[in-house]
Amino acid sequence: MHTTVGIIGGGPSGLLLARLLHTAGIDSVLLERRDRAYVEQRQRAGILEQATVDALRACGAGARLDAEGMVHDGIELRFDRRAHRVDFPSLADGRRVTVYAQTEVVKDLIALQLAEGGPLLFEADVHAVEGADTDRPLIRYTHEGQEQTLTCDYVVGCDGFHGVARNAVPEHLRTTYERVYPYSWLGILADAPPAADELIYAHSDRGFALASMRSPSVSRHYLQVPNGTDPADWPDDRIWDELDARFALDADPGWRLKRGPVTAKSVLPMRSHVTEPMAYGRVLLAGDAAHIVPPTGAKGLNLAAADVIVLARALTHWHTTGSTDLLESYSDTCLRRVWRAEHFSYFMTTTLHTAPDQPPFETRLQLSQLDRIATSHHAAAELAENYTGLPLATEPPA
Ligand code: APR
Ligand code: PHB
């Protein structure tokens, strides 16, 4: 089998890329190791920047997003037992975010691609990518018990943090940057109305907490917990009591989350990771295959979308003109924005969490920084611009 673009991985990056290429009239084959139900049910964050929303609409996946997505104009920060709202449109040039779960984005993209796109194979496990530095790179995979080969003009590795495509970049040309955090998140889904109209990020002397949502009747909340925590040690009542304690306000002592049955519970480790470069020969990397951010800034899905938007433009330019200029600058173009999002995610994470044995000096610095955001237009604008998403760069750095 031969295709123009072979895509490894059917997470948000691979699916959105397949749709953007289909819209541009470029053939692709998408190979995903897991089955459809697994991919559609994997719980991830759900905050979409405007550029991500625009790309979903442009490839035909806007209908349910526009009907069910919740547009948010800000977030609330809680620290020192007080609340401060960060208003996005007034601080970031009218920008807002849309709350729409990644699971729903993935379902919408899969349904569209199966209805009117190129081949999308589930349970197709890629074990090797060969010939990155030739004109005909190839993908070896197993599907329905058979060994298969797919030759391609370009291969895109959208196969996430544990993928195989990254290995196509020779080890001596690859640099990895990484930070693992000394805490994790315990995340719950609950059949309960959200705590408020917007998300609440809390710094407290008991650790970080986040109140998010999936719909007007489903909440998604998180608690900072030690690495290695077993969710079984957290019965529902303990979770709700701890969330309420971390969100407590001196000015409103009766404030409580709305409780309801907890329908899912899991522990997520937190890491930052970047692999450079994001391309070698005719193999290109996008999304979690090239970079991971801790979830505190909600950047993971948006960074993945930004990569594939830049990549779809570069592949379209090559397909229509024969020029590989934009493909050659793809890695540099993306990495500039990737590092900005890495910094923002690191900043949000280290400003809001309390590390084990954190010196009191650092806690005072965190509270001083949060107070600065609450009192300075410039400091709040810096947060709002990064949270709502920086402009998509289409050119490599000068
Ligand atoms: N063969 C085929 N598919 C593979 C292989 C392989 N060898 N290895 C991994 N995959 C698939 C995984 O099963 C997964 O569905 O690649 C997909 C990668 O998807 P994601 O991990 O969701 O990565 P990405 O699409 O880049 O999305 C980034 O997901 O992790 C979150 O927070 C992150 O929101 C961000 C988004
Ligand atoms: C989520 O709703 O899952 C979510 C929201 C915001 C974040 C992280 C996760 O920063």
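Taking the criterion of being farther than 17 Å from THR333 by Cβ, more than 14 Å from ligand 2 (Cβ to nearest atom), open to solvent by less than 40 Å² (accessible area, probe 1.4 Å) and not in a loop (DSSP other than H, G, I, E, B), the residues of region 257-281 that qualify are VAL262, SER272, HIS273. When ARG42, ARG33, ARG81 are checked against the criterion of being within 25 Å of GLY297 (Cβ to Cβ), in contact with an Asp or Glu (Cβ under 6 Å, 6 or more places away or on another chain) and among the charged types (D, E, K, R), ARG81 stands alone in meeting it.
Condition check: modelled with pLDDT of 95 or more, open to solvent by 10 Å² or more (accessible area, probe 1.4 Å) and under 30 Å from ASP27 (Cβ atoms). Does GLU395 satisfy that? No, not satisfied.
In this structure, does GLY74 turn out to be open to solvent by less than 10 Å² (accessible area, probe 1.4 Å), in contact with a Lys or Arg (Cβ under 9 Å, 6 or more places away or on another chain) and not hydrophobic (A, V, I, L, M, F, W, C)? In short, yes. With respect to THR3, is the statement that it is within 15 Å of ligand 2 (Cβ to nearest atom), in contact (Cβ under 8 Å) with a residue 12 or more places away in the chain and buried (at least 18 other Cβ atoms within 10 Å of the Cβ) true? No: the conditions fail for THR3. The single residue among LEU210, LEU189, LEU199 that is within 13 Å of ligand 2 (Cβ to nearest atom), closer than 24 Å to ASP35 by Cβ and within 19 Å of the chain's Cα centre (by Cα) turns out to be LEU189. Checked against the criterion of being hydrophobic (A, V, I, L, M, F, W, C) and in contact with a Ser or Thr (Cβ under 9 Å, 6 or more places away or on another chain), the candidates ALA379, ALA384, ALA355, ALA374 yield just one match: ALA384. Screening TRP234 against (1) under 15 Å from ALA264 (Cα atoms); (2) out of contact with any Asp or Glu (no Cβ under 9 Å at 6 or more places or on another chain) leaves a single unmet condition, (2).
In region 27-54, of all residues being among the aliphatic types (A, V, I, L, M) and open to solvent by less than 10 Å² (accessible area, probe 1.4 Å), the one that is farthest from ligand 2 (Cβ to nearest atom) corresponds to VAL29.
Of all residues in region 214-247, those that are among the aliphatic types (A, V, I, L, M) and open to solvent by 10 Å² or more (accessible area, probe 1.4 Å) total 3. Taking region 317-353 as the range and being more than 15 Å from ARG271 (Cβ to Cβ) and acidic (Asp, Glu) as the test, the residues that pass are ASP325, GLU328, ASP332. Selection within region 145-200: residues that are of a type in the set (Gly, Ala, Ser) and over 30 Å from SER266 (Cβ atoms). The member of this set that is farthest from ligand 1 (Cβ to nearest atom) is GLY145.
Kindly indicate whether ILE239 is under 17 Å from SER13 (Cβ atoms), modelled with pLDDT of 95 or more and not acidic (Asp, Glu). Against the criterion (under 17 Å from SER13 (Cβ atoms), modelled with pLDDT of 95 or more and not acidic (Asp, Glu)), ILE239 does not qualify.
Residues in region 141-167 that are outside any loop (DSSP other than H, G, I, E, B) and open to solvent by 20 Å² or more (accessible area, probe 1.4 Å): THR142, HIS143, GLN146, GLU147, GLN148, THR149, THR151, ASP153, ARG166, ASN167. Applying the criterion of being open to solvent by 30 Å² or more (accessible area, probe 1.4 Å) and touching a residue at least 60 places away in the same chain (Cβ under 8 Å) to the residues of region 118-128, the residue that is farthest from the chain's Cα centre (by Cα) is PRO119. Of all the residues in region 97-111, those that are free of Cβ contacts under 8 Å to residues at least 60 places away in the same chain and either buried (at least 22 other Cβ atoms within 10 Å of the Cβ) or touching a Lys or Arg at 6+ places or on another chain (Cβ under 8 Å) (or both) number 3. Listed by position, the helices (runs of 4 or more DSSP H) contained in region 1-120 that have at least 1 residues being in contact with a helix residue (DSSP H, G or I) (Cβ under 8 Å, 6 or more places away or on another chain), at pLDDT 95 or above and under 24 Å from SER266 (Cα atoms) are 12-23, 36-41, 102-116. Selection of helices (runs of 4 or more DSSP H) fully inside region 282-375 by the criterion of at least 2 residues being farther than 29 Å from VAL99 by Cα and open to solvent by 20 Å² or more (accessible area, probe 1.4 Å) returns 300-321, 325-328, 360-375.
The values are calculated or read from the model by the stated rules, or taken from the named source; none is laboratory data. The shown structure was predicted, so the numbers you read here are calculated from the model rather than taken from an experiment. We place every Cβ from the backbone using ideal geometry, glycine too, and count neighbours over all the protein chains shown. All accessible areas refer to the heavy atoms of the entire protein, side chains included, with ligands and DNA or RNA removed. Shrake-Rupley method; radii C 1.70, N 1.55, O 1.52, S 1.80 Å.
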